[in-house]
């Protein structure tokens, strides 16, 4: 009996991916979708994203009509435009989605075209780094099942990104192509 329990324990210990830390997402499925161009369905495609910071909402639009409204979390210091790296502000203005990213930390991300040349020039004039790597991203691995969504959506906790639930990211991922404009105000 002890031998059987030992074998069973070893089999269970082998479940999961030993190469992926427990606090990170496995990226294989996401990478395959990107390589096979299966990351956009065309059905329900979105042609513009609007984020209204004061409402903590993201509006997905097609032909000028709101198709979906998604609650968001923002940078820890949400008021005003991002000025420099580390200010924890979410940038404001007109941007575009320039890349889709399989993220080990936040499931999947849509990269926002910040900083723009004007942001870089203003930061350089002040002698600071404008920051970068601003994304719309999903949840950390501890909230992969969505049970903590009410907690994460109740506060602004990012370093300047726009955070959505994993379910909302699934909707965005398949509805948004690179190049889609995003307005953050």
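The values are calculated or read from the model by the stated rules, or taken from the named source; none is laboratory data. Here the structure is a predicted model, which means the values were calculated and not measured. We place every Cβ from the backbone using ideal geometry, glycine too, and count neighbours over all the protein chains shown.
Can you tell me how many residues in the range 144-165 are closer than 20 Å to residue 76 by Cα and surrounded by 13 or more Cβ atoms within 10 Å (Cβ to Cβ)?
Our first condition is that a residue be closer than 20 Å to residue 76 by Cα; within the range 144-165, this holds for 148-165.
Remaining after also requiring surrounded by 13 or more Cβ atoms within 10 Å (Cβ to Cβ): 148-149, 152-153, 156-165.
Total meeting the criteria: 14.
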### Message
Quick test for you: out of 139, 83, 67, pick the one residue that is out of contact with any strand residue (DSSP E or B) (no Cβ under 8 Å at 6 or more places or on another chain) and at negative phi.
### Response
83
### Query
So, in the range 127-143, of the ones that are within 16 Å of residue 73 (Cβ to Cβ) and crowded, with 21+ Cβ neighbours inside 10 Å, which residue ends up nearest to the chain's Cα centre (by Cα)?
137
### Task
Just one of (1) in contact (Cβ under 8 Å) with a residue 60 or more places away in the chain; (2) in contact with a helix residue (DSSP H, G or I) (Cβ under 6 Å, 6 or more places away or on another chain); (3) more than 24 Å from residue 41 (Cβ to Cβ) trips up residue 102, so point out which.
(3)
### Message
Can you say whether residue 24 is closer than 22 Å to residue 158 by Cα and touching a helix residue (DSSP H, G or I) at 6+ places or on another chain (Cβ under 7 Å), as far as the supplied structure shows?
### Response
yes
### Query
In the range 19-42, what residues are in contact (Cβ under 8 Å) with a residue 60 or more places away in the chain, out of contact with any strand residue (DSSP E or B) (no Cβ under 7 Å at 6 or more places or on another chain) and under 29 Å from residue 94 (Cβ atoms)?
40, 41
## Note on the structure
Counting only residues in the range 54-70 that are part of a strand (DSSP E or B) and free of Cβ contacts under 8 Å to residues at least 12 places away in the same chain, the one surrounded by the most Cβ atoms within 10 Å (Cβ to Cβ) is identified as 59
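Residues 116, 99: which one is within 20 Å of residue 33 (Cβ to Cβ) and more than 10 Å from the chain's Cα centre (by Cα)?
99
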### Query
Within the range 84-96, is there a residue that is surrounded by fewer than 13 Cβ atoms within 10 Å (Cβ to Cβ), at pLDDT 95 or above and in a strand (DSSP E or B)?
yes
